[in-house]
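Below: the structure, in structure tokens.
The values are calculated or read from the model by the stated rules, or taken from the named source; none is laboratory data. All values derive from a computational prediction rather than experimental measurement. No Cβ is skipped: glycine too gets one built from the backbone with ideal geometry, and neighbour counts run over all protein chains shown. In case anyone asks, the SASA skips ligands and DNA or RNA and just uses the protein heavy atoms, side chains included. Shrake-Rupley method; radii C 1.70, N 1.55, O 1.52, S 1.80 Å.
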Number of protein chains: 2
Amino acid sequence: MDFSSLDPVVNPRSIAIIGASDEPVRIGGRPISYMLQRGFQGAIYPVNPKRPTVQGLKSYADVNSLPETPDVAIVAVPSQAALQAVEDLGARGCKGAIVFTAGFAEMDAGGAAAQDVMVASARKHGMRLMGPNCLGLFNSAINFYATFSASFESGWPLPGRIGIASQSGAYGTHLYSIARDREIGTQICITTGNEAEVTLSDVLGWMAQSPDVDVICAYAEGIREGKNFLAALDLARRNRKPIVMMKVGRSALGQAAAQSHTASIAGDDAVTDAVLQEFGVVRARNTEELLDIAYAATKRIYPVRNTLGVVTVSGGAGVLISDVAESIGFEMPEMPQPAQERLRGFVPFCAPRNPVDCTAQAINQTELIGEFATAMVVDGGYTSCLGFFTQVGASKSVAPKLRAQMKAVADQHQDRLWALSIIAPRDMIREYEKDGFLIFEDPTRAVVALHAMGRFGEAFARATPPAPALPQVSLPATTPTEAEGKRILAAAGIPAVPERACADVEAAVAAAREFGFPVVMKILSPDILHKSEIGGVLLDIASEAAVREGFATLLARAAERAPGARIEGVLVAKQIKGAVEMALGLLRDPVFGPVAMVGLGGIFIEVLKDVSFRRCPFGVAEAEAMIRSLKGFPLLDGVRGRRKADVKALAQALANLSTFAVAAGPRLLSVDINPLLVLPEGEGAFAADAVLEIGE
Amino acid sequence: MDFSSLDPVVNPRSIAIIGASDEPVRIGGRPISYMLQRGFQGAIYPVNPKRPTVQGLKSYADVNSLPETPDVAIVAVPSQAALQAVEDLGARGCKGAIVFTAGFAEMDAGGAAAQDVMVASARKHGMRLMGPNCLGLFNSAINFYATFSASFESGWPLPGRIGIASQSGAYGTHLYSIARDREIGTQICITTGNEAEVTLSDVLGWMAQSPDVDVICAYAEGIREGKNFLAALDLARRNRKPIVMMKVGRSALGQAAAQSHTASIAGDDAVTDAVLQEFGVVRARNTEELLDIAYAATKRIYPVRNTLGVVTVSGGAGVLISDVAESIGFEMPEMPQPAQERLRGFVPFCAPRNPVDCTAQAINQTELIGEFATAMVVDGGYTSCLGFFTQVGASKSVAPKLRAQMKAVADQHQDRLWALSIIAPRDMIREYEKDGFLIFEDPTRAVVALHAMGRFGEAFARATPPAPALPQVSLPATTPTEAEGKRILAAAGIPAVPERACADVEAAVAAAREFGFPVVMKILSPDILHKSEIGGVLLDIASEAAVREGFATLLARAAERAPGARIEGVLVAKQIKGAVEMALGLLRDPVFGPVAMVGLGGIFIEVLKDVSFRRCPFGVAEAEAMIRSLKGFPLLDGVRGRRKADVKALAQALANLSTFAVAAGPRLLSVDINPLLVLPEGEGAFAADAVLEIGE
């Protein structure tokens, strides 16, 4: 997919401002004022019929009287006039409109209708439309400021190859301001407002192919469409551009807040999360983490197997760092024994394991710091090296020697990520940064940022898995009975527990005898989806007499608790013992289509929410990775001397469910297989209960 | 307990420096230099036999020639001389020694022995001993600097009522330096080094009763003793002094690092965590969080039921804040409907639910900000109010009006916690802080800090629960069989599932007939603790024939898989269905004594680690709170239409286990009840398996 249609919007040679103001603090005045102050090299055409000039520039009465067709135009006039302006711009051949005007879909149904008209207008002329209700964008490399944000009061953007892409104007500029305060360069910032036409996906895709952006900081409240979004993430991954994203709306409360705000769609956060993971997008928990990760990513070092080596002057800080590393799964391998011995030779009472505590001794004998740092890279082989030097890093007596020692080692090993935890005045930090170090006051933040580099590295190194083959599927016209549902799934490669639909008690007895006791009996009805809730499931039926009694019991319960339900008899199934109960599921996400799910079965899935999602279709390798990511995975992996479960069979069933879902098409609304009984290694996995929902 | 013996150490009228140096940058010179620069009002007595004066002060040859007995002395001489100095100081009647000298227990066995001699010396004379191997302390209120830290290069401590208590000197001063950079006043900082005599507990206790400290920031790697620690936490709670603590060594890696470092004991982190929770100590995840919480606590507003109201100019930030609030359990109740209507009257398209998005409209009409803020406190009744204004808070045009509006409302409601998320230069932030606002750049950090105030409030309001009555317990001489163990527990109020030890197969058949089928059969042997690992447990024994077959199977397996084990027969028990399987446990913590545990039963306890701990003894109310804190609690609470389980019976069993543990005394090493079968409400909870370990 090509995202270059945004080029003229972000890199224009000329711009018109519809609703230009002579006042530099008005919405229609700010962009002009900013561009004049900073010296935008292209042509600026104010459009304001009431004035001959605007901020010293010749003003034009309308779009048609402009001396040339501008690449892009800002629209900052009331909504009716904005509709007309968009039509005029499109007709004139302008390539993009950035609409500041509010009062559209975020307001009411009337506004939404007007917005639709505006979008139709833009589409008709092949013009890209940003907003409406948007704060605009800037590209400081060419001093292009198509925004009315007041954020530049505290300073102009610094050079730097981080791009900000944000659905929220207020949050996008909040992020810019914090980055500016930290002296992190964010040269390009694009906010998308109502996303009537240009969406966050377009912006991500554009940044993914832009030579001006190395690292993408994104903020999203909800993803509106899947195709472009997936294409943008895929392009970024293939171009080795890390995306670090704040996707809000994780919680129920947050989703409620998101729905009450602008015109956003909150979507299923867990599904979005799975998609982000699939493409190696790292999700930040807060603004600091977002910027920490982007800052580290500007080094463009993305280790495929990332390991952390820590050298510290405080044993306590070493412990703290270890805690954080373990909690996020950042490997800290031990230093090789000979290196540990050598370090003990330098400082007898150092702790050379990793974290390497070189103790205050290294502060007194600064030449030791170089020895320790060299050992980290040469002997430890760590791809990420973190030094904890705290206020010592700013000490007048020690800092110059410390800096020289560290720089000498880092210069020789520029393929590593080097971070220092130091407390120092801004100018001193700048010096360390010039030497090539990432500087973090808090060591725990350094650990999180460095770890993310390895997550990017893994995603960049990952080959796109081959598209799995799809089965032939023919769905019934309506939601099938459990038995029919299982036959359909079995045909798709998800076998069921041996079972038979029995219309009468003699058939049930025969089936039980054939499968062997004990058996499970379940009421059979197309009208009863959740059988256990009406007492429609009987376990441990251990004799023919019990089968007869159970048959009568089930019919009686159905008559009493689900009167009117069509009863087709009773399902008799072999009762399997010693299996691990898992659950497989399939849901249709409005944005990303069919999504498969695996988790611990039974009620644990609801209480503990230990589940893993992935977009369909996928192969066995991805299915197994999903299974291994579960917290409860040890239950399948032979915990406490149990036999290992047949994870391969489980993974195959999960992958088969994913291809079945795609082949079945949108009429398949959902599948719920719970439990799926996973037997010991080599013995298979069988659906014991399955509900398919079929739509029209 | 009285912690006042540290008074002369932290608030001395006179100090001697043993090993005083004329060089202001030497370890023995720094304290003198600092105190001279800052103007310590007490007497400073350098002790250095080689010089007539030190840094302009008269120098003394030894302790005995001092003109008066100093309140406290710094010891900064090599270890042999340090031992003598401590003895001399003690003999002279000095009240405290602060030993900088290293090379004691942190080094080797010889050092540990020397340290013991030093401690004995101090104890003999009733002198408190800080360190050895300690960085010392400062009390800037009286300009007392008994430390050789180089942290003051970047600035002297600011006034402020936060005390720092740290086991690590490097980390304690790291914390001080970061606080100083953030202009947070930490007037007193005490580091404890090797803790040979004075421990962190003493320091916490002293701060808890000191009129100079309102808020305590603590850093711990391991707690060495329980009694003083508990007394200190209890005193702090009763005196309404919040303690926010960084306790490192959560992870296996962190604990390994802690053990390889100095002379610390890592202890069981989960147990320490339970103790901290019991006393309302809030545990911080990193340095920033530690300081954020301490900073917020200086307001001394600790709501008992803390609710968060948010007013924001960015809907996106509102979503982000809601996500964080929900994830940490900070309540954000909805605004009352009439108030929502009123706010819609001001800004038709605001989102008035909470978070209250007043939109950019409020920036244009700043008088609305006061209306919205008033609604938060008056209508919403929130105890914590957070405003997200980002860079608008620093805007030259808007900020003065915004500040005035907010201040007017905050002044009228000084019982609330007021926090603003603002990006502004330091001098402007200082102005907001002068107005009474807590200022956080990142709103998510504000949420975490404000939430902690409610946790303190709840702990301060909590009445100390009455000590539960202890049962009469007589333990057997050695680890009992399962049947004996259950009899002992039943006598203590933890009933077991009906069962009987059967020496022969006929007895087993009789027992099964009496209990009713199905039954469970288990091998009975004092030598086989984990029966299931040798196949020594049979379930679903449904007939007399099966009992006979099972008896033979169990004996055969025991003979094959545990040869030599003494076999006493087979245990026959009623098999209970429909119960929730829980686990109760008891362990003996080396620091805190008996600790009880409750969690989901079966293997889930090991895989999912969803457990809750508490120091013994405790009553039913505390037991129920432990149970309700489990992630898996919904399993007991009637999830998905199941019957609720008998939580009262479970809580009673847990509380009974806790009193049993204390009454049984230290010979009871551990109890493992897994599963404890919890039947539906009113039907009780029964131990199905129990292992008691008895020591000598």
Legend entry - Output for the stretch B:396-420, where each listed residue is among the charged types (D, E, K, R) and open to solvent by less than 60 Å² (accessible area, probe 1.4 Å): B:416
Inset, instruction - Tell me, yes or no, whether the stretch A:402-411 has at least one residue that is within 36 Å of the chain's Cα centre (by Cα) and within 14 Å of chain B (Cβ to nearest Cβ). - result: no
Inset, instruction - Quick one: count up the residues across the stretch A:474-525 that are among the β-branched types (Val, Ile, Thr) and under 34 Å from the mean Cα position of the chain (by Cα). - result: 3
Legend entry - Residue selected from the stretch A:31-55 under the condition among the basic types (Lys, Arg) and out of contact with any helix residue (DSSP H, G or I) (no Cβ under 9 Å at 6 or more places or on another chain), by the criterion surrounded by the most Cβ atoms within 10 Å (Cβ to Cβ): A:51
Legend entry - Unmet requirement for residue B:571, which otherwise passes all of (1) open to solvent by 70 Å² or more (accessible area, probe 1.4 Å); (2) touching a residue at least 40 places away in the same chain (Cβ under 8 Å); (3) within 28 Å of residue B:671 (Cβ to Cβ): (1)
Inset, instruction - Return a yes/no flag: does the stretch B:295-303 have any residue that is closer than 30 Å to residue B:464 by Cβ, open to solvent by less than 10 Å² (accessible area, probe 1.4 Å) and touching a residue at least 12 places away in the same chain (Cβ under 8 Å). - result: yes
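Every residue, every condition in (1) under 21 Å from residue A:518 (Cβ atoms); (2) open to solvent by 50 Å² or more (accessible area, probe 1.4 Å), yes or no:
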{"position": "B:508", "(1), (2)": "no, no"}
{"position": "B:517", "(1), (2)": "yes, yes"}
{"position": "B:524", "(1), (2)": "no, no"}
{"position": "B:531", "(1), (2)": "no, no"}
{"position": "B:535", "(1), (2)": "yes, no"}
{"position": "B:563", "(1), (2)": "no, yes"}
{"position": "B:567", "(1), (2)": "no, yes"}
{"position": "B:588", "(1), (2)": "no, yes"}
{"position": "B:605", "(1), (2)": "no, no"}
Inset, instruction - For the stretch A:509-518, state whether one or more residues are closer than 27 Å to residue A:562 by Cα, touching a Phe, Trp or Tyr at 6+ places or on another chain (Cβ under 6 Å) and assigned by TED's automatic domain parsing to the domain that holds residue A:552. - result: no
Legend entry - Failed condition for residue A:107, given (1) at positive phi; (2) without any contact (Cβ under 8 Å) to a residue 12 or more places away in the chain: (1)
Legend entry - the stretch A:211-236, subset buried (at least 23 other Cβ atoms within 10 Å of the Cβ) and not aliphatic (A, V, I, L, M), residue farthest from the other protein chains (Cβ to nearest Cβ): A:229
Inset, instruction - Report yes if residue B:63 is surrounded by fewer than 21 Cβ atoms within 10 Å (Cβ to Cβ) and over 31 Å from the mean Cα position of the chain (by Cα), otherwise no. - result: no
Inset, instruction - Would you point out the residue of the stretch B:374-395, among those that are within 22 Å of residue B:296 (Cβ to Cβ) and among the polar types (S, T, N, Q), that is farthest from the other protein chains (Cβ to nearest Cβ)? - result: B:383
Inset, instruction - Collect the residues in the stretch A:93-111 that are surrounded by fewer than 17 Cβ atoms within 10 Å (Cβ to Cβ) and at pLDDT below 95, keeping them in residue-number order. - result: A:108, A:109, A:110
Inset, instruction - Kindly check whether there is at least one residue in the stretch A:557-573 that is closer than 21 Å to residue A:645 by Cβ, within 12 Å of chain B (Cβ to nearest Cβ) and within 43 Å of the chain's Cα centre (by Cα). - result: no
Inset, instruction - Run residue A:201 past the list (1) farther than 25 Å from residue A:302 by Cβ; (2) in contact with a helix residue (DSSP H, G or I) (Cβ under 7 Å, 6 or more places away or on another chain); (3) surrounded by 24 or more Cβ atoms within 10 Å (Cβ to Cβ) and report the number of the one that doesn't hold. - result: (1)
Legend entry - Output for the stretch B:303-320, where each listed residue is within 11 Å of chain A (Cβ to nearest Cβ) and hydrophobic (A, V, I, L, M, F, W, C): B:308, B:310, B:313, B:317, B:319, B:320
Inset, instruction - Sort out which residues of the stretch A:145-200 are basic (Lys, Arg) and away from chain B (no Cβ under 13 Å), and write them in order of number. - result: A:161
Legend entry - Of the criteria (1) in a helix (DSSP H, G or I); (2) closer than 22 Å to residue B:8 by Cα; (3) open to solvent by 60 Å² or more (accessible area, probe 1.4 Å), which one residue B:90 fails: (3)
Legend entry - Complete set of residues in the stretch B:143-170 that are over 15 Å from residue B:186 (Cβ atoms), hydrophobic (A, V, I, L, M, F, W, C) and open to solvent by 10 Å² or more (accessible area, probe 1.4 Å): B:148, B:150, B:170
Legend entry - Among residues of the stretch B:321-373, those that are under 35 Å from the mean Cα position of the chain (by Cα), within 9 Å of chain A (Cβ to nearest Cβ) and either modelled with pLDDT under 85 or part of a helix (DSSP H, G or I) (or both), counted: 7
Legend entry - Restricting the stretch B:634-657 to residues that are open to solvent by less than 20 Å² (accessible area, probe 1.4 Å) and touching a helix residue (DSSP H, G or I) at 6+ places or on another chain (Cβ under 7 Å), the residue that is nearest to the other protein chains (Cβ to nearest Cβ): B:635
Inset, instruction - Return yes or no: is residue B:393 part of a helix (DSSP H, G or I) and surrounded by fewer than 23 Cβ atoms within 10 Å (Cβ to Cβ)? - result: no
Legend entry - Flag for residue B:599 being surrounded by fewer than 20 Cβ atoms within 10 Å (Cβ to Cβ) and touching a helix residue (DSSP H, G or I) at 6+ places or on another chain (Cβ under 8 Å): no
Legend entry - the stretch A:60-77, residues that are farther than 19 Å from residue A:42 by Cα and without any contact (Cβ under 8 Å) to a residue 24 or more places away in the chain: A:61
Legend entry - Criterion violated by residue A:372 - all others in (1) over 19 Å from residue A:334 (Cα atoms); (2) open to solvent by less than 30 Å² (accessible area, probe 1.4 Å); (3) touching a residue at least 60 places away in the same chain (Cβ under 8 Å); (4) not basic (Lys, Arg) satisfied: (1)
Inset, instruction - Could you run through the stretch B:438-468 and say how many residues are among the aliphatic types (A, V, I, L, M) and more than 14 Å from every other protein chain (Cβ to nearest Cβ)? - result: 8
Inset, instruction - Would you mention how many residues in the stretch A:15-34 are closer than 13 Å to residue A:74 by Cα, part of a helix (DSSP H, G or I) and away from every other protein chain (no Cβ under 14 Å)? - result: 2
Legend entry - Members of the stretch A:129-142 that are of a type in the set (Gly, Ala, Ser) and open to solvent by 10 Å² or more (accessible area, probe 1.4 Å): A:140, A:141
